[in-house]
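Each reported figure results from applying straightforward, stated rules to the coordinates on display, with no laboratory input. Bear in mind that the values here come from a model prediction, so they are computed numbers and not experimental data. Every residue, glycine as well, gets a Cβ built from its backbone with ideal geometry; the counts of neighbours run over all protein chains shown.
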Amino acid sequence: MNKNVLVVSSSLRSHSNSERLADEFVRGVQESGNYAEHISLRDKTIHFCKGCLTCQESQRCVIHDDADMIVQKMRTADVIVFATPIYYYEMSGQMKTLLDRANPLFFSNYSFRDIYLLAAAAEEDIHAIDGAIAGLRGWISCFPKAHLAGTILGNGVDAAGTIEGHSALQEAYEMGKAI
Ligand SMILES: Cc1cc2nc3c(=O)[nH]c(=O)nc-3n(C[C@H](O)[C@H](O)[C@H](O)COP(=O)(O)O)c2cc1C
């Protein structure tokens, strides 16, 4: 059966390095005959979670912005892929805000099982992604049917577009192809 893959890129800048990883992942998914939708948060309006917990009853957020639409797509995806720049050894604030806004899923019959993390960082150190992995693992731990299936770091890339030629692009393509 074909898989439904949702890829969410959270960098807000043009020629984003982490979004290039997402593009390659999508290329691999499509190559393998599965379906991928790639959403960028760049042009989206996503407000902070208010913590009202109305979603506990309604399974919908009281804030009707773009997160509401993205979270519904997250619920029905088989695979979710997050792409993020590393900001202060963590995921971007945009990605964290989306994860918080995905709280309605906690009470839902969500479909996703495999979660992937793609990240770009200026540092060469491969551990630059560790804080983002830890943060995402915390979110995943609240969804017992899901698990972290893979991570890729494009390390040593700072300026926009400098990830071209990096081996992480090929890794992302292969990972997408193998889902
Ligand atoms: C606010 C901010 C914080 C950052 N913090 C880190 C960091 O902790 N470690 C690191 O290696 N790079 C850090 N960077 C660099 C970015 O991770 C790097 O430029 C990356 O390629 C951005 O990915 P993007 O092109 O997808 O936005 C930071 C950049 C910004 C703007």
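Numbers at a glance
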read-out: Sequence-distant aspartates and glutamates (8 or more away, or on other chains) whose Cα lies within less than 18 Å of residue 145; value: 78, 114
read-out: Given charges at beta-carbon only (K, R positive; D, E negative), |dipole| of the chain in Debye; value: 700
read-out: Under 5 Å, built H, 5+ apart or other chain: amide partners of residue 116; value: 80, 81, 82, 149
read-out: Residue range of the chain that is longest and free of chymotrypsin sites (Phe, Trp or Tyr not before Pro) which are both DSSP loop and sparsely packed (at most 16 other C-beta within 10 Å); value: 90-179
read-out: Under 5 Å, built H, 5+ apart or other chain: amide partners of residue 9; value: 39, 40, 41, 83
read-out: Antiparallel DSSP beta bridges within the chain, as percent of all bridges there, nearest 5; value: 5
read-out: Sequence-distant aspartates and glutamates (8 or more away, or on other chains) whose Cα lies within less than 16 Å of residue 44; value: 19, 65, 66, 68, 100
read-out: Dipole axis of the chain (+1 Lys, Arg; -1 Asp, Glu on Cβ), positive-most option in 56, 121, 84; value: 56
read-out: Over the chain: helical MRE at 222 nm, DSSP H runs n ≥ 4 each giving -39500 (n - 2.57), nearest 500; value: -10000 deg cm²/dmol
read-out: For residue 154, residues with placed amide H under 5 Å, excluding near neighbours; value: 119, 120, 121
read-out: Charge tally in the Cβ shell below 11 Å around residue 47, where Lys, Arg are +1 and Asp, Glu are -1, residue 47 excluded; value: -1
read-out: Mean Cα-pair separation over length for the chain, i.e. relative contact order, pairs under 8 Å, 6 or more apart, %; value: 30
read-out: For the range 69-126 versus the range 34-61, the gap between their alpha-carbon centres in whole angstrom; value: 11
